[in-house]
Each structure stands twice: as C-alpha cells, then as structure tokens.
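Peer 1: Pasting a structure here, questions to come.
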Amino acid sequence: MKPQAFHVGAVPTQAVAEPGWLRVDGIAKRFGRFTALDRIDLAVRRGEFLCLLGPSGCGKTTLLRILAGLEPQDAGTLWLDGRDIGRLPPAARHYGIVFQSYALFPNLDVAANIGYGLRTDRAARARRVQELLDLVGLAGVAARYPAQLSGGQQQRVALARALATSPSLLLLDEPLSALDAQVREHLRRELRSLQRKLGVTTVMVTHDQEEALALADTIAVMNQGRIEQVGTPEQVYRQPASRFVADFVGRANWLPVQRDTQGAFQLGGVRIACADTIAPGLSSATLFCRPEDVRVQPHWAPGANTLMASVDRVDFMGGVRRATLSLCAAREVEILADVSPNDAGFDALVPGQRVPVTLQAERLRLFENASP
Ligand SMILES: Nc1ncnc2c1ncn2[C@@H]1O[C@H](COP(=O)(O)OP(=O)(O)O)[C@@H](O)[C@H]1O
Ligand SMILES: [Mg+2]
C-alpha cells in the first residue's frame, strides 16, 4: 500500500507505522531560536525514489544533512534497515551523496575522483571505476580533470563517485539545479532509469516541482520545517492536502463558493456539482481546480458547471495556451484555463470575447476558506 497523504503531528498513520526501510522519526532541529525542522516523520521503502520538495529555506538540506550525519539533530532518530543510525558518524551510515555544486576534487582526474572511496586493490578499483564510467555514460573521459568537463559531465562523475561503494542509500541535494534546461532534463531521465536499474533507495532534495513530479515515486512536500503532505506525484498534484501544496505544486484556481438553501455550493449564481465534500456547517468555501480542468467551450450549451466568462488574456505556453478569464457574473473571480489546439474551444480564445467554461466536476476539490 502506498502511504496516503498525512499531516505531521496528526495521529500516526500507515506511512509512519509501516516498517519503512529508512525511517525518519521525530527529527527536530533548531538554529538558535529558529526552528529549521519541526519533528519530521517520514518512511521510505527499499528501492523507493523520494523527493523532498519545498521552497528555499524550508529545511530540505538540513534534513538531508542530518540523514547523512553531517549535522546533528536536536531530537529524534533515524532507522536504516532496522538499525538506529541516528548518532552514527557519516562513514558508518553507508550512503552516497551528490550536492548541487559538483564538489569534485579538482586535482584528481575522473577515474581517481570516482575511485576515491574504494578501499580495494588497484586492479579491482580500476574495474569498478570502468564499470561506473560505463554506467553513467562517461567511458572515455577517465583521464580528464573536472575543469575539462561540462557541468552535466561533472554531475555524472559525482553520481558515479556516490554510487562507487554500492551504498544502501543515495542522497541527492539539488543535483540538477546548476545545469541548463536541456542538460537538466536529459540527466533527469538518466538519473531515473539508473535509480530504477540499481534499485538504490534514494532521497532527493529539490525546489523544482516539475522535477519532483517527473522523478519521484513519492513526494514529501515541505513548508517551514514541516511536512505538509506525503504522496505519489499524482496524489500531491490531484489531491493536495493543503492550500500550500496546491499552490506550490502546479498552478491553482481558487474560486469562492456559497452554500444555497438546498445545501449545494454555487459559483456566480450557478450550482456546482462537485465530487468533494466539506464540513456541513460551512456556508462558504473555496473551490480548487487546475487550469487544465477548466474546459473552454466553443458555443454555449446548458450543462452542469458551465459559466460564462470573458477572456482577459491569452498567453502562449508552447503546448497549450493559458487563458486568464473572469466570470461574467462575478468579475472579480479570475479563472485560469489551459487550452490545447486539440480542444474545441481553442479558437474561441480571443481577448475581449465571452466564452462558456465548464469545470470538470470530478476534478474539483473543496477547501475551507483561508482564515482572515
Ligand atoms: N548552520 C546554520 N545556521 C543557521 N541557520 C541555518 C543553518 N543552516 C540552515 N539554516 C537555516 O535553516 C533554514 C533551512 O535551511 P535549509 O535546510 O538549507 O533550507 P532549504 O535546503 O530547504 O533551502 C534556512 O532558514 C536557513 O537559513
Ligand atoms: Mg537546500
């Protein structure tokens, strides 16, 4: 069973109770009076690729450094394969690590960089280095120095070095962030297939939601030293557990709805059919959906969840156009809609025009209003 979304601080759920191969158990860290990590619980299965995703400063690197033993935690412990490693020195934890900056030894050639941590005889080391060079697609550059390599090649060397001793755990701190977009995407795919092939349990830190969605089996979304949600990329994107997650991962529409006398929610005077529910006592709420869940119609046809909107702006985004619309019945309500050339409403997207838009009932989620 995949762990369902859970909140830290809530009653322990499956995700925590399940004997994770790597378990983070109540890890807390302060720097002076600043709380960098507020009792983090996390379970990572053997062979899983977990991304710690969150904005800059939310504590991702601090957590990774604690996993690595490079930073002591104030409270809590870590379990790796049933063993309490929470107070072991880094060398006794058996992980490989890659940082954002390449962190290679500039005075050693590629082969020596990769073989640095290998405590085997010369012949065995040479064989292993060759194997790793092949693995990361760098055969042929063994004798070069880091300064003679591109950024992407340097990160491959760093990855090969991290994997050299076949560690139980691979820790990655924004390993692709310094690379340009094309190399980054290429290496992203390679990293994913390499991780699958080796089956090495991996924890990767990133602030890039696209990267996390593309790479991870499981994403832990962090905010201000806490985990807001743990789930598959699909769960985090489709069923965000909080407004923070909904806004940080992908783009969100937030639409104000009021309960009518029959108990249904209305938006701009139109009754909204919605698969989600919310506490019955609330007379108003906020409806959430993604821009791709808003369908622009070529013609008006009465139907569920269909409202008139006027097109304020159309932005070209490559594969789709993103329209910024406002509801005709409530001008202050803005709706983003991503429309592809294959959608019937594509040609209707002309600024100043009025178009019917339909909200996909099964994609809508209800949130309590933000507290004022
Ligand atoms: N050694 C330190 N001393 C004081 N504050 C620190 C130290 N390391 C990190 N911090 C603070 O802790 C917070 C989390 O940092 P970090 O884990 O690096 O965040 P992230 O990797 O998510 O960007 C930041 O506000 C940072 O300034
Ligand atoms: Mg960081």
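Peer 1: All but one of (1) open to solvent by less than 60 Å² (accessible area, probe 1.4 Å); (2) within 16 Å of ligand 1 (Cβ to nearest atom); (3) under 15 Å from P55 (Cα atoms) hold for L171; state the number of the condition that does not hold.
Peer 2: (3)
Peer 1: Please determine whether any residue of the stretch 93-101 is outside any helix (DSSP H, G or I), among the basic types (K, R) and open to solvent by less than 50 Å² (accessible area, probe 1.4 Å).
Peer 2: Scanning the stretch 93-101 turns up at least one residue that is outside any helix (DSSP H, G or I), among the basic types (K, R) and open to solvent by less than 50 Å² (accessible area, probe 1.4 Å).
Peer 1: Answer yes if at least one residue in the stretch 167-175 is part of a helix (DSSP H, G or I), under 25 Å from A92 (Cβ atoms) and more than 16 Å from ligand 2 (Cβ to nearest atom), and no otherwise.
Peer 2: No, the stretch 167-175 has no match at all.
Peer 1: Hey, does the stretch 66-76 have a residue that's over 26 Å from K197 (Cβ atoms), of a type in the set (S, T, N, Q) and within 16 Å of ligand 1 (Cβ to nearest atom)?
Peer 2: Yes, that holds for at least one residue.
Peer 1: Hey, another quick one. Which of (1) open to solvent by less than 10 Å² (accessible area, probe 1.4 Å); (2) in a loop (DSSP other than H, G, I, E, B) is the odd one out, the single condition R46 does not satisfy?
Peer 2: (1)
Peer 1: Could we say that L37 is crowded, with 16+ Cβ neighbours inside 10 Å, assigned to a helix (DSSP H, G or I) and under 29 Å from the mean Cα position of the chain (by Cα) here? Write out each step before concluding.
Peer 2: Details: crowded, with 16+ Cβ neighbours inside 10 Å: yes; assigned to a helix (DSSP H, G or I): no; under 29 Å from the mean Cα position of the chain (by Cα): yes.
The answer is no for L37.
Peer 1: Looking for whichever is away from ligand 2 (no atom under 16 Å from the Cβ) and out of contact with any Cys (no Cβ under 8 Å at 6 or more places or on another chain) here; the options are G54, G76. Which one fits?
Peer 2: On inspection, the qualifying residue turns out to be G76.
Peer 1: Against the conditions (1) touching a residue at least 12 places away in the same chain (Cβ under 8 Å); (2) in contact with a strand residue (DSSP E or B) (Cβ under 8 Å, 6 or more places away or on another chain); (3) farther than 28 Å from L349 by Cβ, where does D260 fall short? Just the number, please.
Peer 2: Single failed check for D260: (1).
Peer 1: For the stretch 226-261, which residues satisfy the criterion of being within 14 Å of ligand 1 (Cβ to nearest atom) and in contact with a helix residue (DSSP H, G or I) (Cβ under 8 Å, 6 or more places away or on another chain)?
Peer 2: Selection gives E228, F248.
Peer 1: Quickly run through the stretch 142-168 and pick out the residues that are surrounded by fewer than 16 Cβ atoms within 10 Å (Cβ to Cβ), among the aliphatic types (A, V, I, L, M) and either in contact (Cβ under 8 Å) with a residue 40 or more places away in the chain or under 24 Å from I85 (Cα atoms) (or both).
Peer 2: Across the stretch 142-168, the qualifying residue is only A147.
Peer 1: Could you tell me whether any residue of the stretch 198-215 is over 22 Å from H94 (Cα atoms), among the small types (G, A, S), at pLDDT 95 or above and within 16 Å of ligand 2 (Cβ to nearest atom)?
Peer 2: yes
Peer 1: Which of the following residues is over 23 Å from G69 (Cβ atoms) and assigned to a loop (DSSP other than H, G, I, E, B): A246, A212, A241?
Peer 2: Only one candidate passes the filter, namely A241.
Peer 1: Tell me, which residue of the stretch 119-139 that is open to solvent by less than 50 Å² (accessible area, probe 1.4 Å) and among the β-branched types (V, I, T) is nearest to T165 (Cα to Cα)?
Peer 2: V129
Peer 1: Additional query: What do you reckon, is V98 within 25 Å of R192 (Cβ to Cβ) and within 16 Å of ligand 1 (Cβ to nearest atom)?
Peer 2: Considered against the rule, which asks whether it is within 25 Å of R192 (Cβ to Cβ) and within 16 Å of ligand 1 (Cβ to nearest atom), V98 comes out as yes.
Peer 1: Just need a number here: residues in the stretch 63-79 that are crowded, with 21+ Cβ neighbours inside 10 Å and under 23 Å from the mean Cα position of the chain (by Cα).
Peer 2: Restricting attention to the stretch 63-79, the residues satisfying the condition of being crowded, with 21+ Cβ neighbours inside 10 Å are 63-64, 66-67, 73, 78.
Add one more test, that the residue is under 23 Å from the mean Cα position of the chain (by Cα), and what stays is 63-64, 66-67, 78.
Residues flagged as crowded, with 21+ Cβ neighbours inside 10 Å and under 23 Å from the mean Cα position of the chain (by Cα) within the stretch 63-79 amount to 5.
Peer 1: In addition: Mind counting the residues in the stretch 266-323 that are within 16 Å of D343 (Cβ to Cβ) and basic (K, R)?
Peer 2: 4
The values are calculated or read from the model by the stated rules, or taken from the named source; none is laboratory data. Remember, it's a predicted structure, so these values are computed and weren't measured experimentally. Cβ coordinates were reconstructed from backbone atoms using ideal geometry, including for glycine residues, and neighbour counts include every protein chain displayed. Note: accessible area is taken over every heavy atom of the protein model, side chains too, but ligands, DNA and RNA are not part of it. Shrake-Rupley method; radii C 1.70, N 1.55, O 1.52, S 1.80 Å.
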